[in-house]
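Working notes, beginning with the structure itself.
The values are calculated or read from the model by the stated rules, or taken from the named source; none is laboratory data. Just so we're clear, the structure is a prediction, and the values are computed from it rather than from any experiment. As a convention, Cβ positions derive from the backbone with ideal geometry for all residues, glycine included, and neighbour counts pool all protein chains shown. In case anyone asks, the SASA skips ligands and DNA or RNA and just uses the protein heavy atoms, side chains included. Shrake-Rupley method; radii C 1.70, N 1.55, O 1.52, S 1.80 Å.
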Amino acid sequence: ARRQLAVAGAVLGVWSALSGGGAAAAEPLALEDFLSLVVERHGDVAASTARLKASRSAAEAVAASQRPTVGLRGEGARIFREQDGTASLYFSVQTPIDLWGKFDRVCRQALLAYDLRAARHGELVNTLLTTAESMYWRAVIARADVALYESLVNQRTEDLRVVRKRHEVGSVAKLDVIRAEVQLESTRGDLTSARTAYADFVVSLGALAGGT
């Protein structure tokens, strides 16, 4: 969980906000950089990439098994007394003959398997990027909500201070003080909810960016 929050903190620059420093104290990572992190670090993408590479290697191995092969063999003999001898060098080219079209079928199957794997990989990445972009903007909005409610809490706090001073000198009724206190507590509750929602988005972003 700590690594997940660390990744998310890097994504949106949230440490100061979650520790009380204010939501606007750090700038979020750019969308393009965040999406790059998702593609580079997400576990599903890594697993799909490995399967795609394996499928490609299998297709290449099938094709390689049917390529012509070149053979080169040398041998020699020497009679030591007469300082004479013989030497031979043999060169050969072997080409597999596919009389029944078996190789053609196997090769097509391997290529189709690779194309299918590539299509699935592309679909996975596109779906993941769509989800990540949507989550990113929802987190940005949630971050703005936190900043808004922090500002409102500061304003309500100042309003309450002023109303209390005015009540002390008798210029406003006690009801005005109670109303200001209720407004402040209500806004503090909204701020708590906004911070909780933002923290949830931070965890989700961390998971998308490869946090575990």
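Assorted remarks:
- Residues (surrounded by 15 or more Cβ atoms within 10 Å (Cβ to Cβ) and either modelled with pLDDT under 85 or under 23 Å from Ala110 (Cβ atoms) (or both)) located in the stretch 24-48: Ala24, Ala26, Pro28, Leu29, Ser48
- Among (1) in contact (Cβ under 8 Å) with a residue 12 or more places away in the chain; (2) surrounded by fewer than 16 Cβ atoms within 10 Å (Cβ to Cβ), the one test that Glu185 misses: (1)
- The requirement of being among the basic types (Lys, Arg) and either open to solvent by less than 60 Å² (accessible area, probe 1.4 Å) or closer than 30 Å to Ala54 by Cα (or both) is satisfied by Arg108.
- When the stretch 171-180 is limited to residues that are open to solvent by less than 60 Å² (accessible area, probe 1.4 Å) and out of contact with any His (no Cβ under 8 Å at 6 or more places or on another chain), the one that is farthest from Phe34 (Cα to Cα) turns out to be Val172.
- Candidate set: the stretch 168-212, residues that are part of a helix (DSSP H, G or I) and among the hydroxyl-bearing types (Ser, Thr, Tyr); chosen: the one nearest to Gln155 (Cα to Cα): Thr187
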